[in-house]
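Here is the structure we will look at.
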Amino acid sequence: MKQRRILALAMASGLLLNVSCSSSSDDSGNANTDAGPLGGAVSGATDTHCAGTPVTVDPATCSGDTSAGGAADTGETPEPGAGGAADCNQTHDADYGDTLYNHAGDDDDCKYQTSWSSTPIRLNEPVMFILNASNLASGDPLVPLEDGAVPLTRVDVYQPCDPNRRGPASNYGAPISQTMAGEFAAGPLTFDRSGRWVVRFHLYEQCVDGETSPHGHVAFFVDVP
């Protein structure tokens, strides 16, 4: 079902040619392999940082007292690379938790369980991302708050070894929609340089970044050939 939804989103976004796995056909119907190599999630340790410690989100704290619950998100992207290990591929923004491997993991604050998929990832070709997200404590899929805003509010991409590189300007403000409860589509996004990238999903950014506020974020490593 998920692959069919990705295909439908790709067709709607003009990305139909990107949803083939590794080959395409020429005008004579013969298969060719000119599409180029595929990128994707970086394999690594399974995320366990929230094991046994889910945080129960309280929507009532979305616009709570910032002196007690953190400051509201200003929409400005914190400077990456300020924290983490010496290896630049392992660094993470000081204001966020560790970037995750694989296709699934919990957000920085242990509020949400998330997983992602995408159309094929190739250099200089548009990519659609699908994020599935649910409350870690209850298992309920994420849905809009009273303001009606889509829970996935922004997708931020950059290269951790050169964090000022954030790809083409078209990546900023890439369209986001909710395809069903707890499932969100974002893109198209374009990776314009080979190497390791970080893809960060921001949730409920209209809320203060407090302990039980809906505000959250989760990031994954992606390799581009």
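The values are calculated or read from the model by the stated rules, or taken from the named source; none is laboratory data. All of these numbers come straight from a predicted model, not from anything done at the bench. Cβ: placed from backbone, ideal geometry, glycine included. Neighbour counts: every protein chain shown.
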Handout entry: Of all residues making up the range 60-75, the number that are at pLDDT 50 or above and surrounded by fewer than 13 Cβ atoms within 10 Å (Cβ to Cβ)
Key = 2
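Name the residue, out of 148, 210, 216, 182, that is touching a residue at least 12 places away in the same chain (Cβ under 8 Å) and on the phi > 0 side of the Ramachandran plot. Don't jump to the end; show me each part of the working.
Working: 148 fails: touching a residue at least 12 places away in the same chain (Cβ under 8 Å); 210 fails: on the phi > 0 side of the Ramachandran plot; 216 fails: on the phi > 0 side of the Ramachandran plot.
Going through 148, 210, 216, 182 in turn, just one is touching a residue at least 12 places away in the same chain (Cβ under 8 Å) and on the phi > 0 side of the Ramachandran plot: 182.
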Exercise for the section: Could you list all residues from the range 129-138 that are assigned to a loop (DSSP other than H, G, I, E, B) and crowded, with 18+ Cβ neighbours inside 10 Å? Expected result: 136
Handout entry: Number of the exception - residue 154 against (1) out of contact with any Cys (no Cβ under 6 Å at 6 or more places or on another chain); (2) within 18 Å of residue 89 (Cβ to Cβ)
Key = (2)
Completion exercise
When every residue in the range 101-128 that is within 13 Å of the chain's Cα centre (by Cα) and among the charged types (D, E, K, R) is compared, the one surrounded by the most Cβ atoms within 10 Å (Cβ to Cβ) is 107
